[in-house]
2 protein chains.
Amino acid sequence: MAPQPDPVLRLLWRHGLDEPPKPRRGRRQSLTVDDVVDAAIKVADRDGLDALTMRQLATELGIGAMSLYTYVPGRKELLALMADQVFRRHPLPAMPGGLRARLALIARTHYGICHEHPWLTDVMVLQNGIGPGLSDLYEWQLSGVDGIGLDDLEMDQTVAVLMGFAAGIARSQERMRRAERASGVSEAEWWEANAPELGRLMAGREYPLSGRVGAAAGMAYQASADPSAELEFGLARIIDGIVAYVEHPDRP
Amino acid sequence: MAPQPDPVLRLLWRHGLDEPPKPRRGRRQSLTVDDVVDAAIKVADRDGLDALTMRQLATELGIGAMSLYTYVPGRKELLALMADQVFRRHPLPAMPGGLRARLALIARTHYGICHEHPWLTDVMVLQNGIGPGLSDLYEWQLSGVDGIGLDDLEMDQTVAVLMGFAAGIARSQERMRRAERASGVSEAEWWEANAPELGRLMAGREYPLSGRVGAAAGMAYQASADPSAELEFGLARIIDGIVAYVEHPDRP
DNA sequence: ATCTATTCCGTACGGCGTACGTGAAAGTTA
DNA sequence: TAACTTTCACGTACGCCGTACGGAATAGAT
């Protein structure tokens, strides 16, 4: 059989629909889809994605659990709507003049989004819901790398590299945050408590470089890593590489 | 109270322990922790992380569900063991001569690992279990960027950029794979089925760049994106940026 | 032969997403 | 106004999940 159009598309693009098929009879809904999605985002931001259960969300909204299903087909679709809503609500600043500044802005904006909503990178891997928020974001990103000599495919790949890098930094930061929340101690305290045991367990194996580098990181950051330093260093290298390619596509 | 040493550490480093505290009484275990972890990896590779339930894994191993808890404290810890086991089992080739080749090898190796075990990036964000597999990998990665003029922090950040990039590509590929598995149609078929509806829903909004770039990508890849092209392009740019920094740390 | 430490695992509990069906409410029509 | 139709609200229930608990089985020590 021919595949049916994806039903979640109509929900993602619900705001563009001038008139749904005019069903004016029957009881009115007490909330809107946006109310539900915004509340879900709030819960996920506050308590994490696992704590976002249909029952909890319904309680938060003051409705019965099953009433949610009159707004949203299911939890999977709700997550897709949440992701697009986050993109839709996030302001996209005007693209600055220089290429380096534009590339940095693309990456920092995406990092900011992923950092504000740490569940976002987890949700985005689940399904690629093409909604207005993601579409506007992508168009905005492309406008930052248009007209600089890259072909269409290279524009897409450039944006993909920047987004992937920004999401990766956000994920690495989120991993530290979750570890601290789960264990109840800061990463520095964890290391203090576990370093002796770890040294005992590692006995026999040699990690000269890891030891040296880890010690330096610990001194500098009071932690095993510093996402903001990673962001700055990595972003500078990536931008250097892209700019070099734009200026001299044939080298080296 | 002083935080207790993390109990999962002893499990992660179980192979280095010469002798556990000699509990020689009582019934023998019919399996090893490695058996359990390897079977869990097999299930997760085959059916995905959600399908890896304690009951399913126990059935696969021919034991009762609750017997698993004599090998592993719980599912969370099992996931951490799986991640480290994947790293531990993956061969780490000798570092080649040139810097560019070493950087590429670091990224491609990590991409390969994440690609073979698509649940890995999901698991790694859950907790930072420092086991022998990850430690060996990190030491190996650092050996690829040692002695080239980077300081300790820059070495760590360089490795982090490469790993994050590789993981990001693997995640983007995994998103496409999951969408295809969930919908049952290839991405090309999805677009064919949804393009008309999507065009209708997007009416009123203009996406000139997205449209142009998306069409070019569709022509070139028969899909909206091609992870291997993203990998090649992005890796080349990142390596360019790192090499440029190594050679001229002061230039922009 | 008895004791004791350990593994094995059946049962059960609370929580999850959600299918289903009934009842309530709102607009249309007679 | 009364009856009808359509839609929403949501209580109940089902099959999953991770895992706490406790009794039965087993193997080395005594």
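Taking the range B:225-252, which residues are within 8 Å of chain A (Cβ to nearest Cβ) and open to solvent by 50 Å² or more (accessible area, probe 1.4 Å)?
Applying the first criterion (within 8 Å of chain A (Cβ to nearest Cβ)) to the range B:225-252 yields B:225, B:229-230, B:233-234, B:236-242, B:244-245, B:252.
Matches in the range B:225-252: B:P252 only.
Could you tell me how many of the residues in the range A:151-190 are closer than 19 Å to B:Y221 by Cβ and at the interface with chain B (Cβ under 7 Å from one of its Cβ atoms)?
9
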Margin query: Residues to consider are B:G74, B:G147, B:G62, B:G133; find the one that is in contact with a helix residue (DSSP H, G or I) (Cβ under 8 Å, 6 or more places away or on another chain) and either outside the structural domain of B:E232 (by TED's automatic domain parsing) or under 29 Å from A:G218 (Cβ atoms) (or both).
Written below: B:G133
Next item on the list: Sort out which residues of the range A:173-186 are part of a helix (DSSP H, G or I) and open to solvent by 20 Å² or more (accessible area, probe 1.4 Å), and write them in order of number.
Entry: A:Q173, A:R175, A:M176, A:R177, A:R178, A:A179, A:E180, A:R181, A:A182, A:S183
Next item on the list: Please go through the range A:208-224 and pick out each residue that is in a helix (DSSP H, G or I), open to solvent by 40 Å² or more (accessible area, probe 1.4 Å) and farther than 15 Å from B:P132 by Cα.
Entry: A:R212, A:A215, A:M219, A:A220, A:Y221
Next item on the list: Would you check if A:R46 is exposed (fewer than 13 other Cβ atoms within 10 Å of the Cβ) and charged (D, E, K, R)?
Entry: yes
Notebook entry, point to check: Within the range B:69-105, which residues are within 9 Å of DNA strand D (Cβ to nearest atom) and touching a Gly at 6+ places or on another chain (Cβ under 9 Å)?
Noted result: B:E77
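Just checking, how many residues over the range B:44-55 are under 19 Å from B:L11 (Cβ atoms) and not small (G, A, S)? Show your work before the answer.
Let us first name the residues in the range B:44-55 that are under 19 Å from B:L11 (Cβ atoms), namely B:44, B:52, B:54.
From what's left, not small (G, A, S): B:52, B:54.
Number of matching residues: 2.
What is the residue count in the range A:175-186 for residues that are of a type outside the set (A, V, I, L, M, F, W, C) and within 27 Å of B:G144 (Cα to Cα)?
The total comes to 1.
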Notebook entry, point to check: From the residues in the range B:54-71 that are within 12 Å of DNA strand C (Cβ to nearest atom), among the aliphatic types (A, V, I, L, M) and not in a loop (DSSP other than H, G, I, E, B), which one is surrounded by the fewest Cβ atoms within 10 Å (Cβ to Cβ)?
Noted result: B:M66
Margin query: Exactly one condition in (1) surrounded by fewer than 20 Cβ atoms within 10 Å (Cβ to Cβ); (2) in a helix (DSSP H, G or I); (3) among the basic types (K, R) is false for B:R205; which is it?
Written below: (2)
Margin query: Would you confirm, using the coordinates I've provided, whether B:I148 is away from chain A (no Cβ under 12 Å), surrounded by fewer than 23 Cβ atoms within 10 Å (Cβ to Cβ) and in contact with a His (Cβ under 7 Å, 6 or more places away or on another chain)?
Written below: no
Check: When you go through B:V8, B:V37 one by one, which is the residue that is open to solvent by less than 30 Å² (accessible area, probe 1.4 Å), assigned to a helix (DSSP H, G or I) and at pLDDT 95 or above?
Finding: B:V37
Note to self: Pairs please, first residue from the range B:201-228 and assigned by TED's automatic domain parsing to the domain that holds B:M176, second anywhere and surrounded by 16 or more Cβ atoms within 10 Å (Cβ to Cβ) and of a type in the set (V, I, T), Cβ atoms under 7 Å, 6+ apart in sequence or on different chains.
What the structure shows: B:P227/B:I169
Checklist line | Evaluation of B:R108 against (1) away from chain A (no Cβ under 12 Å); (2) open to solvent by 70 Å² or more (accessible area, probe 1.4 Å); (3) over 30 Å from B:G241 (Cβ atoms); (4) in a helix (DSSP H, G or I) (one fails), failing number | finding: (3)
Checklist line | Residue count, the range B:72-104 (criterion: farther than 30 Å from B:G241 by Cβ and either open to solvent by 20 Å² or more (accessible area, probe 1.4 Å) or away from DNA strand C (no atom under 15 Å from the Cβ) (or both)) | finding: 12
Notebook entry, point to check: Is one or more of the residues making up the range B:41-54 out of contact with any Phe, Trp or Tyr (no Cβ under 8 Å at 6 or more places or on another chain), under 16 Å from B:L78 (Cα atoms) and more than 14 Å from DNA strand D (Cβ to nearest atom)?
Noted result: yes
Next item on the list: Look at A:A215 and say whether it is of a type in the set (A, V, I, L, M), out of contact with any His (no Cβ under 9 Å at 6 or more places or on another chain) and within 7 Å of chain B (Cβ to nearest Cβ).
Entry: no
Item checked: Among residues of the range B:187-202, those that are farther than 24 Å from A:W140 by Cβ, surrounded by fewer than 13 Cβ atoms within 10 Å (Cβ to Cβ) and aliphatic (A, V, I, L, M), counted -> 0
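The values are calculated or read from the model by the stated rules, or taken from the named source; none is laboratory data. On a predicted model such as this, the values are computed, not experimentally measured, just so you know. So basically every Cβ, Gly included, is an ideal-geometry build from the backbone, and we count neighbours across all protein chains shown. For the accessible areas, the whole protein counts, side chains as well, though only heavy atoms, and no ligand, DNA or RNA atoms are used. Shrake-Rupley method; radii C 1.70, N 1.55, O 1.52, S 1.80 Å.
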